[in-house]
Amino acid sequence: MVVVVRVVAWLLLWESAGLTCTAATALKAAPTDPGMRATCSEIILRQEVLKDGFHRDLLIKVKFGESIENLQTCRLLIKQYIPTGLFVDPYELASLRERNITEAVMVSEDFNIEAPNYLSEESEVLIYARQDSQCNDCFQALLPVHCRYHRPHSKDGETFIVVSNPDVLMYCDQEFPILKCWSQSKVAAPCALKSKDICQWNNLKYKSVYENVTLQVPVGLTTHTSLVCSVTLVITILCSTLILVAVFKYGHFPL
């Protein structure tokens, strides 16, 4: 009987020792697992409007929270949505591209820059961002925007235009593990500004400094309609009269 008790005791001790070793091994192995330590660093986007009046500049800056080796092999594409209250002049973009100031192109084909706010539609612009010379892990892009004419208001002489945050797309010639952490989907877009090839860009998750950017734009008042029309008519008649008088007084007409 005593022998049986000793055998059972030795078996229990042996089993508990094995479990202890297994638990210790697991605890020791856990910190060395790279999957447990991996964290997704944040991408910070800052969008701000420069200048005042009807002609502004939209400045977009993107900063990566973690340094990427060989970042020169990556390209960043900003897909900016332009609300109906604003427009981008495609001829101005062409001039800026020729002077190598910015690399942006309109996505919308049928686009009327003369249309007022209530007759226009939202448009899209692709901006190929450039690396910031003062920041190794930063990209920036500059886009000139212009305010459209709005309907006059009855009381308030101003209106607000909300510019939503853009889509931030990245394409790298080689794969980086951190891209799998940042990417939330794939988007097809031209590989470069002057290229017809289509690449699969990574649509990146990011954190924006501001939820949206709001522009304050002055508009006319409906109570001034009669005054404005009267003054415009009087000035038009006066100028037309002066032109006719100058023509008949100083003009030379063949007989």
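Determine the distance separating the Cα centre of segment 200-255 from the Cα centre of segment 125-173; give it in Å without decimals.
Cα centres, segment 200-255 to segment 125-173: 25 Å.
On the accessible surface of segment 157-204, probed at 1.4 Å, how many percent belong to carbon and sulfur atoms?
51 percent
Suppose every K and R has +1 on its Cβ and every D and E has -1 on its Cβ; what is the size of the dipole of segment 35-170 about the Cα centre, in Debye to the nearest 20?
Its charge dipole is roughly 300 debye.
How high is the relative contact order of segment 32-184, given as a whole-number percent (alpha carbon pairs under 8 Å, six or more residues apart)?
The value is 32 percent.
Loop-only trypsin sites (Lys or Arg not before Pro) in segment 98-163, please: DSSP not H, G, I, E or B, and at most 15 other Cβ atoms within 10 Å.
Arg99, Lys155
Straight-line reach from Lys79: which lysines have a Cα under 29 Å away, not including same-chain ones fewer than 8 places off?
The qualifying lysines are Lys51, Lys61, Lys63, Lys180, Lys186, Lys194, Lys196, Lys205, Lys207.
Averaged per residue, what accessible area in Å² does segment 113-255 show with a 1.4 Å probe, protein chains only?
With all protein chains present, segment 113-255 gives 67 Å² per residue.
Which residues' amide hydrogens lie under 5 Å from the amide hydrogen of Leu86, considering only partners 5 or more residues apart or on another chain, with H built in the peptide plane?
For Leu86, whose amide H was placed from the backbone, the distant partners under 5 Å are Arg148.
Pairs of Cα atoms under 8 Å, at least six residues apart: use those to get the relative contact order of segment 143-242, whole percent.
Dividing the mean separation by the residue count of segment 143-242 yields 40 percent.
The values are calculated or read from the model by the stated rules, or taken from the named source; none is laboratory data. Fair warning: this is a prediction, and the values are worked out from it, not measured in the lab. Cβ sites come from the backbone with ideal geometry, for glycine too, and all protein chains shown count toward neighbours. SASA here: full protein model, heavy atoms, side chains in, ligands and nucleic acids out. Shrake-Rupley method; radii C 1.70, N 1.55, O 1.52, S 1.80 Å.
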